[in-house]
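The values are calculated or read from the model by the stated rules, or taken from the named source; none is laboratory data. What you are looking at is a predicted structure, and each value in this text was computed from that prediction instead of being measured. So basically every Cβ, Gly included, is an ideal-geometry build from the backbone, and we count neighbours across all protein chains shown. Calculation scope for accessible area: heavy atoms of the full protein, side chains included, ligands and nucleic acids excluded. Shrake-Rupley method; radii C 1.70, N 1.55, O 1.52, S 1.80 Å.
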Amino acid sequence: MSVSEAATRHLLQPRSGPNLLSLVIPTFNEEAVIPYLRSACEEFAGTLPCAVEVVLVNDGSVDGTLHQLVEWAAADPRIRVIHLSRNFGHQIAATAGLDHARGDAVVILDADLQDPLPVIHEMIARYCEGYDVVYGQRESRAGESLQKRFTAWLFYRIMRTFVDERLPVDTGDFRLISRECLNALMRMRETHRFLRGMTSWVGFAQIAVKYHRQPRRAGTTKYPLRKMLSFSWTAATSFSTVPLRVSALLGVLIGAVGLEEAARAILAYLIGWYTVPGWASLTVLTSLIGSAILISIGILGEYVAKLYEQSKERPLYLVARTFNMEEARPKPETLAEAVRQV
Ligand code: UDP
Ligand code: MG
């Protein structure tokens, strides 16, 4: 069992399927893929046992995407379109979609049909078992370049090691989120968003469903290497304070080298080895001064990290469910009585 599953093992409360399922789809310059998306969504909606709405976010596309989305919305009342004023990036576009989704369960997916719609049936089954987050985990990634697959592989391993060990590997944003969990997630209004990390941070009962990622249906990727690198950097720095602590660690390492050099120089002097006058003292002093400066920066980093965490104004805790809480909460009149008695 993976850490994330073990960490979120809950008392599962089975529930009935959602009355309304929302599909949240961010789109950026996807005119080539929208016709395929439209027919795939229409076909998929027919196989669902519940009502469905599709929340499409136009993330500042400069091609015919908006036109196609508006046309689709005019023909089908289940289609809702949010048009952002400019390109804000995938994570913010997805957030806008989540904010506007009305479903009891919400699924985030890419417009390019890389995430197969039928997997959602399996997600709904898990939702009915009581899971609040059902994330798609890729077993294979057909049609993606070796470089893309390698960077993605490396990304998840680095993130797990340095950022958050709860982050499941090989998962994208393709996931189902229950209304309870979504309400919690939406309370996190940080500017630099890393939705995958945030969804794992909120906790709740989470589980993976395995799937085979399909090749892009049409068009080209909107995540070139440059954007991937910037996304990874945002993920690392928006979710973790490890980078701020690196300088303290370097300081300790360089300090250790300085001390080792000092010990070696003293030993060499005592034993009578060949020594270069002045070399050891210079090396030792430079290392120790460097170390002191780096450690000081690291300490500053610690405070900056605390301020940074505080500035995110995340909720201190999140309540997944309550049991017998209504009865336990004192009614106003009894509260007034209690105050009088004190
Ligand atoms: N996307 C977006 N804003 C952006 C970049 C991408 O809304 O700035 C959307 C894009 O239209 C697609 C999804 O995010 O629906 C994932 O992008 P893409 O499929 O190009 O990424 P990849 O699957 O290649 O990593
Ligand atoms: Mg894609």
| Any residue at all in segment 30-43 that is open to solvent by less than 50 Å² (accessible area, probe 1.4 Å), away from ligand 1 (no atom under 11 Å from the Cβ) and out of contact with any Asp or Glu (no Cβ under 8 Å at 6 or more places or on another chain)? | yes
| query | Out of all the residues in segment 293-309, is one or more touching a residue at least 40 places away in the same chain (Cβ under 8 Å), more than 32 Å from the chain's Cα centre (by Cα), farther than 23 Å from Thr161 by Cα and in a helix (DSSP H, G or I)? | reply | yes
| field | Among the candidates Met188, Met198, Met228, residue that is open to solvent by less than 40 Å² (accessible area, probe 1.4 Å), of a type outside the set (S, T, N, Q) and part of a loop (DSSP other than H, G, I, E, B) | value | Met188
| Out of all the residues in segment 100-133, which are away from ligand 2 (no atom under 15 Å from the Cβ), open to solvent by less than 30 Å² (accessible area, probe 1.4 Å) and assigned to a loop (DSSP other than H, G, I, E, B)? | Ala101, Gly103, Gly130, Asp132
| said: Take the conditions touching a residue at least 40 places away in the same chain (Cβ under 8 Å), open to solvent by 40 Å² or more (accessible area, probe 1.4 Å) and under 23 Å from Phe174 (Cβ atoms) and apply them to Pro215. Does it pass? | reply: yes
| query | What do you reckon, is Thr220 without any contact (Cβ under 8 Å) to a residue 60 or more places away in the chain and within 16 Å of ligand 2 (Cβ to nearest atom)? | reply | yes
| task | Specify the residue that is farthest from Leu109 (Cα to Cα); the eligible residues are those in segment 42-78 that are within 16 Å of ligand 2 (Cβ to nearest atom) and not β-branched (Val, Ile, Thr). | result | Ser61
| query | When segment 202-246 is examined, which residues are found to be within 16 Å of ligand 1 (Cβ to nearest atom) and of a type in the set (Gly, Ala, Ser)? | reply | Ala218, Gly219, Ser230, Ser232, Ala235
| task | Please indicate, with yes or no, whether at least one residue in segment 232-241 is more than 30 Å from Arg126 (Cβ to Cβ), open to solvent by less than 70 Å² (accessible area, probe 1.4 Å) and more than 16 Å from ligand 2 (Cβ to nearest atom). | result | yes
| query | Since Asp63 meets every condition but one in (1) within 15 Å of ligand 1 (Cβ to nearest atom); (2) in contact with an Asp or Glu (Cβ under 7 Å, 6 or more places away or on another chain); (3) open to solvent by less than 40 Å² (accessible area, probe 1.4 Å), which condition does it not meet? | reply | (3)
| message | I need the full set of residues from segment 100-120 which are more than 18 Å from Leu48 (Cα to Cα) and either more than 14 Å from ligand 1 (Cβ to nearest atom) or among the polar types (S, T, N, Q) (or both), in order please. | response | His100, Gln114
| From Gly97, Gly136, which residue is part of a helix (DSSP H, G or I), within 16 Å of ligand 1 (Cβ to nearest atom), open to solvent by less than 30 Å² (accessible area, probe 1.4 Å) and not charged (D, E, K, R)? | Gly97
